[in-house]
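K.L.:
Please see the structure below; I have some questions.
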Amino acid sequence: MDTDAPISLVTGANRGIGRETARQLAALGHTVLLCARRPEDAERAAAGLAGTVRPHRLDVTSQEEVDALARVVESRYGRLDVLVNNAAINYDTGDRAVDVDLESVRRTLETNLIGAWRAAEAFVPLLRRSAHGRIVNVSSGSGSLTEMGAGTPAYGVSKAALNALTRKLAAELRADGVLVNSVCPGWVATDMGGPGGGPVEEGAASVLWAATLPDGGPTGGFFRHGRPLDW
């Protein structure tokens, strides 16, 4: 294995934007760790991709699994160059904040916010060893406070909180040269986004842009297609 190649880890990468992001990173020559909750889903997704793509089981709600994978990455590669926090659940368009099931909200936050936070904490030591560390938090326009309205309460709040986490991590990692940004891929025709959205390749290209920013690029921002969004 060419350990000089960038090492990128993508959570929730067995389908949709996550899988397409993994494909695009691999096409650039990255060694991609394609992660999914079920190992068979990770293996199936990785098998159809060209380049160096390694399937891994990872449930971001499990501290044990996240810590175990961090140990594997350290042992095999000694560093991590890119962490893409893509795993997310529950685009709850039919719910309202006034009467939403709070247990559903809790589960959503556990994956969409705490899962990304857990992964960041586990992999930051390895990102600090990279010469070009990058964290991309896959967010959504649903998390923009400026644009926020009724509907998608669990999902929208979880993404707004993810954006806040982006700001915290970016400030704390700036001195280490690790760039941290939130990216909204836009409305994309995936299992979560539903029909009618744009091609998944375009959504993933937004993520790829943030994952491959040059040194000195923006950090602590919220972007879609490389352009800033209002928080």
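K.L.:
In this structure, is Ala13 touching a helix residue (DSSP H, G or I) at 6+ places or on another chain (Cβ under 6 Å), part of a loop (DSSP other than H, G, I, E, B) and surrounded by 20 or more Cβ atoms within 10 Å (Cβ to Cβ)?
P.N.:
Considered against the rule, which asks whether it is touching a helix residue (DSSP H, G or I) at 6+ places or on another chain (Cβ under 6 Å), part of a loop (DSSP other than H, G, I, E, B) and surrounded by 20 or more Cβ atoms within 10 Å (Cβ to Cβ), Ala13 comes out as yes.
K.L.:
List the pairs whose first member sits in the range 51-63 and is of a type in the set (Val, Ile, Thr), whose second member is assigned to a loop (DSSP other than H, G, I, E, B) and at pLDDT 95 or above, and whose Cβ atoms are under 6 Å apart, counting only residues at least 6 apart or on separate chains?
P.N.:
From the range 51-63, the pairs are Val60/Thr11; Val60/Ala87.
K.L.:
Scanning for something modelled with pLDDT under 95 and closer than 19 Å to Val200 by Cα, does the range 39-53 turn up at least one residue?
P.N.:
Among the residues of the range 39-53, at least one is modelled with pLDDT under 95 and closer than 19 Å to Val200 by Cα, which makes the answer yes.
K.L.:
Among what's in the range 177-221 and is at pLDDT below 90 and not in a loop (DSSP other than H, G, I, E, B), pick the residue that is farthest from Gly94 (Cα to Cα).
P.N.:
Among residues in the range 177-221 that are at pLDDT below 90 and not in a loop (DSSP other than H, G, I, E, B), the one farthest from Gly94 (Cα to Cα) is Gly198.
K.L.:
Right, next: Is it true that Ala88 is in contact (Cβ under 8 Å) with a residue 60 or more places away in the chain and under 17 Å from the mean Cα position of the chain (by Cα)?
P.N.:
It is true that Ala88 is in contact (Cβ under 8 Å) with a residue 60 or more places away in the chain and under 17 Å from the mean Cα position of the chain (by Cα).
K.L.:
Mind checking which residues of the range 16-44 are in a helix (DSSP H, G or I), of a type in the set (A, V, I, L, M, F, W, C) and farther than 18 Å from Ala211 by Cβ?
P.N.:
Matches in the range 16-44: Ala42 only.
K.L.:
Determine whether Arg23 is in contact (Cβ under 8 Å) with a residue 24 or more places away in the chain and surrounded by fewer than 17 Cβ atoms within 10 Å (Cβ to Cβ).
P.N.:
So Arg23 fails the test.
K.L.:
Can I ask one more? I'd like the full set of residues that are surrounded by 13 or more Cβ atoms within 10 Å (Cβ to Cβ) and more than 21 Å from Val183 (Cβ to Cβ), limited to the range 103-115.
P.N.:
Selection gives Ser104, Val105, Arg107, Glu110.
K.L.:
Can you tell me which residue is surrounded by the most Cβ atoms within 10 Å (Cβ to Cβ) among those in the range 45-70 that are β-branched (Val, Ile, Thr) and not in a strand (DSSP E or B)?
P.N.:
Val60
K.L.:
Across the range 131-144, what is the total count of residues that are polar (S, T, N, Q), buried (at least 21 other Cβ atoms within 10 Å of the Cβ) and in a loop (DSSP other than H, G, I, E, B)?
P.N.:
2
K.L.:
Then there's this: Filter the range 145-160 for residues that are at pLDDT 95 or above, more than 18 Å from Val98 (Cβ to Cβ) and surrounded by fewer than 18 Cβ atoms within 10 Å (Cβ to Cβ); which is farthest from the chain's Cα centre (by Cα)?
P.N.:
Checking each candidate, the answer is Thr146.
K.L.:
Return the only residue of Arg224, Arg174 being modelled with pLDDT of 95 or more and surrounded by fewer than 16 Cβ atoms within 10 Å (Cβ to Cβ).
P.N.:
After applying the criteria, what remains is Arg174.
K.L.:
Right, next: How many residues does the range 84-110 hold that are under 14 Å from Ala160 (Cα atoms) and assigned to a loop (DSSP other than H, G, I, E, B)?
P.N.:
Residues in the range 84-110 being under 14 Å from Ala160 (Cα atoms) and assigned to a loop (DSSP other than H, G, I, E, B): 2 in total.
K.L.:
Given the criterion crowded, with 22+ Cβ neighbours inside 10 Å and in contact with a helix residue (DSSP H, G or I) (Cβ under 9 Å, 6 or more places away or on another chain), identify the matching residue among Val100, Val84, Val73.
P.N.:
Val84
The values are calculated or read from the model by the stated rules, or taken from the named source; none is laboratory data. Note that the coordinates shown come from a computational prediction; the quantities given were computed from them, not determined experimentally. All Cβ positions, even for glycine, are placed from backbone atoms using ideal geometry, and neighbour counts span all protein chains on display.
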